[in-house]
């Protein structure tokens, strides 16, 4: 983030002004991403467009763009994963207010302020895959090969549900 730019902002005032803020963050500034990253290098570009919503609450459209080096869950090697994501959030003044409306997911704010870094981190986490993989399984390139030693005689093949099949025949 550029020096001098505030992280904690008054979301209600920004919504009244229909303000649009741009920020860039180092990936290492996001502690919840630490375990997913192969390398902490990289930058996240975030945009925050605040507005007053039809519900009367303040809200924002948050968009993020980054290319973090994630850990492939097949080969356990790092790979670049370009990601763009965006969503709309609605702010609530406290947790009780946020829990009162089950139809919408509300972002619980503290004392009328929100952290732009936390909003960007949340949006980036939502945009990342649950199980990152560098490519399709057969062409991963680094994934260990799976070899199956098949018995030469098909009768020796293990059939885990053969007892169930016999039970069904007796009915």
Ranked by how many other beta carbons lie within 10 Å on average, peptides 15-24, 84-93 from highest:
84-93, 15-24
Theoretical gain in end-to-end length, residue 13 to residue 90 [0.36 nm per residue, Cα-Cα removed]
26.3 nm
Cut-off 15 Å, label 7 Å out along Cα→Cβ of residue 41, residues of region 56-79 by amide N:
67-70, 78-79
Can you give the convex hull volume per residue for the Cα atoms of region 1-76, as a whole number of Å³?
114 Å³
Provide the packing ranking of 36-46, 65-75, 158-168, i.e. peptides ordered by the mean count of other C-beta atoms within 10 Å per residue, highest first.
65-75, 36-46, 158-168
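Every number in this text was worked out from the coordinates using simple rules, so none of it is lab data. The structure presented is a predicted model; accordingly, all values stated were derived computationally and were not measured. So basically every Cβ, Gly included, is an ideal-geometry build from the backbone, and we count neighbours across all protein chains shown.
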